[in-house]
Amino acid sequence: MTFFDEFAQLSKGNITLRLCEQCPGDDELLPFYYYDICDANGNSVGKISIRIGDNVHSYYNGHVGYEVDEAHQGKGYARQACELVLPIARAHGMHRVYLTCGESNAASRKVIEALGAQLLEIAQVPQSCFFWRLNMERYCIYRKEI
């Protein structure tokens, strides 16, 4: 896969995403871009990744993964960061992404629903998925057309 240089830094509103890693992927992991989420002062407030392509794991693991530091949660950073990375998937020829989270993660569900993603199902992650663990909670599987 070819990574696009124009996505090295992305900005919207009061956040900037600064690229920290590009990974070509392997048999399980999809290629991905990985960013620091920075506030208006340039301070890191979290991380986000966008995985490119599809494989058996992407339905349950999703294409977008994010985390916002506890001190900065509730300020809209996750939603804004997601909005910034979705055009990357589109530039790589993707027309939809899966976004997923644990069933009990109300904050992530709110972010994903605010993006306009549609809940497909709440499912048990199969043991064949690389991130499965014993007693893992069910995952909410959403699809977002891009």
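Can you work out which of the residues in the range 101-143 that are aromatic (Phe, Trp, Tyr) and not in a loop (DSSP other than H, G, I, E, B) is farthest from the chain's Cα centre (by Cα)?
139
So which residues in the range 52-92 are open to solvent by 20 Å² or more (accessible area, probe 1.4 Å) and in a loop (DSSP other than H, G, I, E, B)?
Selection gives 53, 54, 55, 56, 69, 73, 74, 75, 76, 92.
Scan the range 114-142 residue by residue and report those that are surrounded by 15 or more Cβ atoms within 10 Å (Cβ to Cβ) and closer than 20 Å to residue 48 by Cα.
115, 117, 139, 140, 141, 142, listed by residue number.
Take the range 8-31 and flag every residue that is open to solvent by less than 70 Å² (accessible area, probe 1.4 Å), in a loop (DSSP other than H, G, I, E, B) and more than 20 Å from residue 77 (Cα to Cα).
Across the range 8-31, the qualifying residues are 25, 29, 30, 31.
Is it the case that some residue within the range 79-92 is in contact with a Ser or Thr (Cβ under 7 Å, 6 or more places away or on another chain) and either farther than 23 Å from residue 4 by Cβ or touching a residue at least 40 places away in the same chain (Cβ under 8 Å) (or both)?
No, the range 79-92 contains no residue that is in contact with a Ser or Thr (Cβ under 7 Å, 6 or more places away or on another chain) and either farther than 23 Å from residue 4 by Cβ or touching a residue at least 40 places away in the same chain (Cβ under 8 Å) (or both).
Hey, could you check the range 54-67 for residues that are over 13 Å from the mean Cα position of the chain (by Cα) and not polar (S, T, N, Q) and say which is farthest from residue 138 (Cα to Cα)?
Residue satisfying both the conditions and the ranking: 54.
The values are calculated or read from the model by the stated rules, or taken from the named source; none is laboratory data. Note that this is a predicted model, so its numbers are computed, not measured. Please note: Cβ atoms are built from the backbone with ideal geometry, for glycine as well, and neighbour counts cover all protein chains shown. We work out accessible area using only protein heavy atoms, side chains counted, and drop any ligands, DNA or RNA first. Shrake-Rupley method; radii C 1.70, N 1.55, O 1.52, S 1.80 Å.
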